[in-house]
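Okay, so here's the structure we're looking at.
Every number in this text was worked out from the coordinates using simple rules, so none of it is lab data. Computed from a predicted structure; not experimentally measured. Methodologically, a virtual Cβ is constructed for each residue, glycine included, from the backbone with ideal geometry; neighbour enumeration extends over all protein chains shown.
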Amino acid sequence: MILSHTTMIAAPAGRIFAFFDRMEENYTRWHPDHITFRWLQEGRQAVGNRFYFEEHIHGQHLKRTMRYSKVEHGRLIEFVPDSALIRFFLKRVSFIIEPTDGQCRFTQEVQVLSGPIGRRLNRKGFAAVEKHMREEGQNLKAIMEADERPSPA
């Protein structure tokens, strides 16, 4: 099952991508439920590089170590849990950036192992993840579009 949310952002794809390269400084301003982020290797967004983050979702304090599985500059960021046990349930997280009509379509995808019964049993948890994704999209849009405005003279 894939949880997905798309936000249209009036900013260049390269700037959106660069936001994620500076995640140590951007993580807590991106969403109020984000707690901490740190790179575990130099090189930032590169296949195989790892990072650690903490956040609150659905009343849970989540702590995850992830590694990049695909990176296409300005277009795609994909990462997977470092833990094989967590990776069994949480398959991947992707950020897809697609330029279109002078803006970008920013799509977040979270692929989880769950069928219809799992979806029903975990509906509140999945709804909380979808809400979090919507808020992240809206917040990223606000940050990117505010940064695009010229400074007052």
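Applying the criteria of a DSSP loop state and at most 12 other Cβ atoms within 10 Å to the chymotrypsin sites (Phe, Trp or Tyr not before Pro) of segment 1-94 yields no site. Over the chain, DSSP H runs of length four or greater, each weighted -39,500 (n - 2.57), average out per residue to a 222 nm ellipticity of -11000 deg cm²/dmol. Using a cutoff of 8 angstrom between alpha carbon atoms and counting only pairs six or more residues apart, the relative contact order for the chain works out to 30 percent.
Farthest towards the positive end of the charge dipole of segment 1-139, among the residues His56, Ile2, Ser114, is the Cα of Ser114, using unit charges on the Cβ of Lys, Arg, Asp and Glu.
Of all lysines in the structure, those lying under 22 Å Cα to Cα from Lys63, and not within fewer than 8 positions of it along the same chain, are Lys91, Lys124, Lys131. Among residues other than Thr65 with Cβ under 9 Å from its Cβ, the summed charge is +3 (Lys and Arg +1, Asp and Glu -1). Shown is the FRET efficiency for Met8 and Leu76, computed with R0 = 22 Å from the Cβ-Cβ distance and rounded to the nearest 0.05: 0.80. In a fully extended conformation the segment linking Ala146 and Phe89 would gain 16.9 nm over its present Cα-Cα distance, using 0.36 nm per residue.
What the Cβ-Cβ distance of Gln41 and Glu98 gives, at R0 = 25 Å and to the nearest 0.05, is a FRET efficiency of 0.35.
Put a plus charge on the Cβ of each Lys and Arg, a minus charge on the Cβ of each Asp and Glu, and nothing anywhere else: the dipole of the chain about its Cα centre is then about 620 debye.
A straight chain from Gln60 to Ala18 at 0.36 nm per residue would run longer than the Cα-Cα distance by 12.2 nm.
Compute the angle between helix 123-148 and the longest alpha-carbon principal axis of the chain, please, reported from 0 to 90 degrees and rounded to the nearest 10. Taking the Cα atoms of the chain, the angle to 123-148 is about 10 degrees.
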